[in-house]
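Here the structure comes first, spelled out in structure tokens, and everything after it is commentary.
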Amino acid sequence: MQTDGSQIDPRHWLTAHGDVLYRYALKHVRDRVLAEDLVQDALLAAWKARDTFDGRSQERTWLIGILRHKILDYFRRQYRERPAADDVWFDRAADNDRFDDRGTWQRRPGSWDQDPEQAVHDAQFRQALADCVSLLPDAMATAFTLRHDDELDTDDICKALNISSTNLYVILYRARARLRDCLEEHGHGVTHA
Amino acid sequence: MSLMIHCDEASRLQSERLDRPLRLSERLALGFHLTMCSACRLFGRQIRAIDETMAELPPEADAHNLPPLPADARKRIEQALETAQAANGNHGGAA
């Protein structure tokens, strides 16, 4: 059904989806004022583009799609003007401690308290993972969060962040390794000798 | 790539496998290492679980306990939308 422009009420967007949009933005930018601005930009853009909303997709999905573009635009502008040095993306010294001179684990990865394959379906594990993501350094969290957005591929991410794919892979590797450590440390996982 | 790799290289490849297809030489070297190294096998299963869990969360999921849109921001955005709407209303609403 084609939605008649007069039936669209942007105030309803704010009521129904404001919190969701704001949290989505905050997850990516971690700056409250900036997240508010991005939500506002997205809703104004949605209002201008209201004729393109075909009523078939869900309103929320449509709005998140517009917000996603605004967030990527923001990253693009930021990293084009000021490409980030490697040490913005990861702390080389901290991450290099993982292995000894011969490339062997300094400390072997410990087991979690359940099989990794089981953990995927566990609500507490999800919560623990989300908490651990929030502890990642900003830039690393940005790359990792974008990587898990279904609508984006690694190419989109490299362009937005102005980095090479090789660099992206390293960042994602370090992010995963840190998340694994974090899940082991924060209760999710008992180290078995 | 030499067939003999160490844990540092093996764990990096296990992560990259989640982001790009590995080359044949990489797959062989990794496979060889993993047959001998339980620590790296565990690491690989764990980071795959991390990625799969992330994939299960819808983009709007709030597992992060993030705050709601603050009232003052909500008011400000509402005003901006009203202004935009008013500017448009002159043209008779529906196009």
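Expressed as a rounded percentage, what relative contact order does the range A:5-81 have, with Cα pairs under 8 Å and six or more residues apart?
Relative contact order of the range A:5-81: 34 percent.
Would you tell me the mean number of C-beta atoms belonging to other protein chains that fall within 10 Å of each C-beta in A:125-133, as a whole number? Can you show the working numbers first?
Numbers: counts 3, 6, 3, 2, 6, 9, 3, 1, 5.
For peptide A:125-133, the averaged partner shielding equals 4.
What is the dipole size for chain A, taken about its Cα centre, with +1 at each Lys and Arg Cβ and -1 at each Asp and Glu Cβ, in debye to the nearest 20?
Using Cβ point charges on Lys, Arg, Asp and Glu, chain A gives about 300 debye.
Carbon and sulfur together cover what percent of the accessible area of the protein assembly as shown at a 1.4 Å probe radius?
49 percent
Among rounded, prolate and oblate, which fits chain A when a ≥ b ≥ c are the square roots of the eigenvalues of its C-alpha gyration tensor, a/c under 1.5 means rounded, and a/b larger than b/c means prolate?
Prolate, because a/c is 1.5 or more and a/b exceeds b/c.
For the peptides A:74-80, A:176-182, what is the packing order when you average, over each peptide's residues, the other Cβ atoms within 10 Å and list the highest mean first? Each step should come with its number before you reach the end.
On the way: A:74-80: 15.3, A:176-182: 21.4.
Most protected by this proxy first, the peptides run A:176-182, A:74-80.
Return the Cα extents of the range A:5-81 along principal axes one, two and three, sorted largest first, each rounded to a whole Å.
On the principal axes, the range A:5-81 reaches 40, 22, 17 Å in Cα extent.
Under the definition of Cα pairs under 8 Å and six or more residues apart, what whole-number percent is the relative contact order of chain A?
Result for chain A is 24 percent.
Cα to Cα, under 17 Å, and not fewer than 8 places away if on the same chain: which lysines meet these conditions relative to A:Lys27?
Within the straight-line limit of under 17 Å, A:Lys27 reaches these lysines: A:Lys70.
Within the set of other residues whose C-beta is less than 12 Å from the C-beta of A:Arg102, count the net charge using Lys and Arg as +1 and Asp and Glu as -1.
Once all neighbours under 12 Å are counted, the net charge is -4.
May I ask you to list, by number, the DSSP H helices of chain A whose Cα span along the axis is at least 18 Å and whose average Kyte-Doolittle hydropathy reaches 0.0 or more? Let's see the in-between values first.
Working: long enough: A:10-29 (24 Å, -0.44); A:32-48 (24 Å, 0.44); A:59-81 (34 Å, -0.89); A:123-135 (19 Å, 0.52); A:165-185 (30 Å, -0.29).
Membrane-span-like by this criterion, though nothing is claimed about a membrane: A:32-48, A:123-135.
If pairing requires two Cys Cβ atoms under 4.7 Å apart, which cysteines of the protein assembly as shown are left without a partner?
Cys with no partner Cβ under 4.7 Å: A:Cys158, B:Cys7.
What do you get for Rg/Rh of the range A:86-185 when both radii come from the Cα atoms and Rh is the Kirkwood radius?
0.98
Pop out the ³J(HN,Hα) list for the range B:71-85 in order, Karplus 6.51 cos²θ - 1.76 cosθ + 1.60 with θ = phi - 60°, rounded to Hz; leave Gly and Pro as x.
4, 5, 5, 4, 5, 4, 5, 4, 5, 4, 5, 4, 4, 5, 5
From the alpha carbon gyration tensor of the range B:1-63, can you work out the equivalent ellipsoid semi-axes (sqrt of 5 times each eigenvalue) and give them in Å, largest to smallest?
Rounded to whole Å, the semi-axes are 27, 13, 7.
The values are calculated or read from the model by the stated rules, or taken from the named source; none is laboratory data. Nothing here was measured: the structure is a model prediction, and the numbers come from that model. Reconstructed Cβ throughout: ideal geometry from the backbone, glycine too, with neighbour counts over all protein chains shown. Surface areas here come from the heavy atoms of the whole protein model, side chains and all, with no ligands, DNA or RNA. Shrake-Rupley method; radii C 1.70, N 1.55, O 1.52, S 1.80 Å.
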